[in-house]
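The values are calculated or read from the model by the stated rules, or taken from the named source; none is laboratory data. Quick caveat, the model's predicted, so the values are computed rather than measured. No Cβ is skipped: glycine too gets one built from the backbone with ideal geometry, and neighbour counts run over all protein chains shown. Remember, those area values only see protein heavy atoms, side chains included, never the ligands or the DNA or RNA. Shrake-Rupley method; radii C 1.70, N 1.55, O 1.52, S 1.80 Å.
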Amino acid sequence: MTVELLVLLIVIGTALVFDFTNGFHDTANAMATSIATGALRPRVAVALSAVLNLLGAFLSVAVAATVAKGIVRLDAVSGHDLLVIVFAGLVGGILWNLLTWLFGLPSSSSHALFGGLIGATLAALGWSGVIWASGSDGVVTKIILPAVLAPIVAALVSAIGTWLVYRITRGSAEDKVTEGFRWGQIGSASLVSLAHGTNDAQKTMGVIFLALVAHGTLTKNDEMPLWVMAACAVAIAAGTYLGGWRIIRTLGKGLVEIDSPQGLAAESASAAIILTSAHFGLPLSTTQTATGSILGTGLGKGAEVRWGVMGRMVVAWLLTLPLAGLAGAICWAIAHVIGGLAGVLVVFGILIALSALMYLRSRRNPVHTGNVNEWPGDSTDSQAIAEKPADGGPAAPSNSTHSAQV
């Protein structure tokens, strides 16, 4: 086995790890509201989402074709140098995904990936290596503007939908409304999961395709290999089934108290926007879309919104690109200074060490199926409920300072 092939295999493996973290990081986008309202049991929800993410990954490759195009000038390098840039960018994206998962913050996996690639490219090629603004291309047009517009549009659509739902059903029996909308949520949440697989799995496909072109295995005009599609589909589905319970709790219980009609409105709005972006090949952030939809349900119903939680989310969104970029740049610098296969292995070792550290830290305050629907401080009896999980699992730790960081 040649050094170049070994580096390629490490890059592909790292890309699939990123895809895996994307899966459990973004499970909440589809299933948080269904779990919060009781439409689906937690384990059933993540299993259903995993299957639909798997299927969605095979529906289209439109988004995969746009990954990194019009954002960074990766055509300025080739071979080993390009592989190292892609590898460093992936590591930056993974570390940011894990850090935000640790704090229960639903940040964008897409922006983490793009941020890592932009940072590694800046370190390798300088300021000119990034397309900041050029017609329909560039960071401003393809990343920043969609990031600003997606949650606003989603919140508006969801708020209108929620208001209409409550207007239409105001004379109906509450128990029948709840039951009916819970069934509707199963369908709408399934559609979001399918849309997520169609949109997010393809980003990793695009990165692996780029690595194969850099290695010389493929040319840029070749079709996406079936094994790449299958590997990315399985990776994101496996991550989804793991269940990012910390983020599920934040979206399902931390932002707005959600009833079934609100859940259906939020999921329908998210699915419509995500599927539309996938159709046009736009790498939209599903996290920001889903969060905007959930916020919109609170506004549409006139319910209380925890603006402090929303503020922490917005801070995470603002920091995603620069901090993932910084991580990508540092990883590229380490790999470049050491050089060759040794540099790649050192960065890979750093990734493993930091990932293990964050996982161990998360075990101090675990979030699981038994306490995922309990937001700390909601009521005086929340601790008693949390200490007796509904699924008979281990009791949640008592910690009054736990707050929104899990």
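Odds and ends about this structure:
- The Cβ shell under 11 Å around residue 285 holds other residues with a net charge of -1, Lys and Arg each +1, Asp and Glu each -1.
- Working from the Cα coordinates of the chain, the gyration tensor eigenvalues give, after taking √(5λ), semi-axes of 36, 23, 18 Å in decreasing order.
- For the chain, the solvent-accessible area of protein heavy atoms averages 41 Å² per residue (probe radius 1.4 Å; ligands and nucleic acids excluded).
- Pairs of lysine residues in the chain - Cα separation under 25 Å, sequence separation of 8 or more or cross-chain: 10
- Sorting the segments 26-36, 296-306 by their residues' average number of neighbouring beta-carbon atoms within 10 angstrom, most packed first, yields 26-36, 296-306.
- Normalised alpha carbon radius of gyration of the stretch 189-251 [divisor 2.2 N^0.38 Å]: 1.35
- Rounded, prolate or oblate (a/c below 1.5 giving rounded, otherwise prolate when a/b exceeds b/c) for the stretch 220-361 by Cα gyration tensor: prolate
- If you look at the Cα atoms of the stretch 75-206, you get an Rg and a Dmax of 20.5, 66 Å.
- 222 nm mean residue ellipticity, helices alone, for the chain (DSSP H n ≥ 4; -39,500 (n - 2.57); rounded to 500): -23500 deg cm²/dmol
- Measuring only protein heavy atoms, the 1.4 Å probe finds residue 103 accessible over about 80 Å².
- Helices of the chain meeting both criteria, an alpha-carbon length of 30 angstrom or more along the long axis and an average Kyte-Doolittle score not below -0.5, with helices taken as full DSSP H segments, are 3-37, 79-102, 145-168, 174-215, 307-338, 340-362.
- Charge tally for residue 194 (other residues, Cβ to Cβ under 14 Å; Lys, Arg +1; Asp, Glu -1): -3.
- As a fraction of the 1.4 Å probe accessible area of the chain, surface on carbon and sulfur atoms comes out at 67 percent.
- Pair residue 222, residue 358: separation of 7 Å Cα→Cβ label points (nm): 3.2 nm
- Cα gyration tensor shape of the stretch 219-283, rounded if a/c is under 1.5, else prolate or oblate by comparing a/b with b/c: oblate
- When you restrict to C-alpha pairs under 8 Å that are six or more residues apart and normalise by the size of the chain, the relative contact order lands at 31 percent.
- For the chain, the dipole from Cβ point charges (+1 on Lys and Arg, -1 on Asp and Glu) about the Cα centre works out to 360 debye, to the nearest 20.
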